[in-house]
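Since every read-out is calculated from the coordinates, none of them should be taken as a lab result. Values in this document were obtained by computation on a predicted structure and should not be read as measured data. Neighbour counts are summed over all protein chains in view; Cβ atoms, including those assigned to glycine, are modelled from backbone coordinates with ideal geometry.
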Amino acid sequence: MSFERIKEKLNILADAAKYDISCSSSGSKRANKGGLGNSDGVGICHSYTEDGRCVSLLKILLTNHCIFDCAYCVTRKSNDIKRAAFKVQEVVDLTMNFYRRNYIEGLFLSSGIFNSPDTTMERLVQVAKKLRLEENFNGYIHLKSIPGASDELMQEAGLYADRLSVNIEIPTISGLKLLAPDKKHEDFIKPMEAVKNAIQIYQSEKKIIKSTPKYALAGQSTQMIVGATGESDRDVMYSAAYYYKKYKMKRVYYSGYIPVANDSRLPALGSPVPLLRENRLYQTDWLLRFYGFDIRELLNNENQNLDLDIDPKLSWALRNRELFPLDINKADKLLLARVPGIGLKSVYKIIEARKFRKLNWEHLKKIGIAYNRARYFITCDSNSFEKRDLSSLQIKGLILQNSNSKFRKDYSSQLNLFSS
């Protein structure tokens, strides 16, 4: 195979892989024991390590040939695009050559589904197996779990990959039927269940047998396309909460739909990608995973979509004004974490600092709270509380007036109404 043909394949299959964003590697601990590479403590796909290093990975498809015709997918079989496919050894050689040149820290490998799910998954596993056993490669490997693949292949995949992920793609079953009628929801669930069970078995056995073979140390993740169909934010986040709880997901990723097809079922070509909505979903996800919120507090029948002009924690606080103001010198950790403008690091600093003295506004500013937001919801060692007679709408307007969000141009609020 000529260098030019390999380069052409790489251009085609790397470009096709850019729509998949679920390539974080947090949690992997595959230590180097004399081989090449080391993913211990390293983040992948242009992530940053604790010491500030930026690391990346080779992110490609094995092939963009696909037997399915999903309306939202650029590699759907009816799309008139250049097709290409790597051989197993070609991916192995590319990965090793890129690693030796210090271009990458690992591999993110996905694929269109050719022939059958098992055939495709088998090829992906072969790549990882060759890298581990023949090349002695200890860098990070993320493999996509192919919907419909057998449990046996999923079991083998986890022995060589640090992370596995099957993209649920559309958040609801009805949306999937509309845009991908050839696919079945249960085909996505099957590999998720197999990976979850295998991880649980590994975690149980390693407590007894230290030499138990490692299995998917960085867990599994999934991705949802946002804005391709009419799902509300509540639909999206209730699905995410379900996958976190049921399948022990490490991460759920939210990808704003990029119009790739002229189809009446989809947003028109040229429609803007819903980046602000995507950002709000990630913020909501963060509140669920780290701040102790229940999804029903943030999204419910009365509030089915997130506010685009303010973050979800501020939105919740404005709807629950009866819980505020909190005394910063007395409130417990969980309540402090619910104050807009106070992050988890600031919560721990506040708890430590107030052991020595009562905190006032100057102390809180030095700790690093977002004063513009927090001042309307807390009291401290001061005689003043910020305009406690203001309505929620007025507080929202004042906060927006003094904000500098990169999404400010997208806000719909007429801020001059709140200047007094």
Separation in nanometres of the label points that stand 7 Å from Cα toward Cβ, at K206 and E302: 4.5 nm
Too-long pairs where the Cα-Cα distance tops 18 Å, listed order kept, from K206/K246; K59/K144; K190/K246; K7/K87; K82/K184; K130/K206: K206/K246; K82/K184; K130/K206
Y291/D80 FRET efficiency (R0 60 Å; Cβ-Cβ; nearest 0.05): 0.80
Scaled radius of gyration (Cα, divided by 2.2 N^0.38 Å) that the chain gives: 1.10
Simple label model, 7 Å out from Cα along Cβ direction - E352 to E4, nm: 6.2 nm
Partner aspartates and glutamates for K9 [C-alpha distance under 12 Å; skip if fewer than 8 residues away on the same chain]: E90
Pairs of Lys in the range 323-401 closer than 15 Å at Cα, counting only those 8 or more apart or on different chains: 13
Computed magnitude of the charge dipole of the chain (debye, nearest 20; Cβ of K, R +1, Cβ of D, E -1): 1220 debye
Degrees separating the helix 233-247 axis from the principal Cα axis of the chain, which is the longest one: 60 degrees
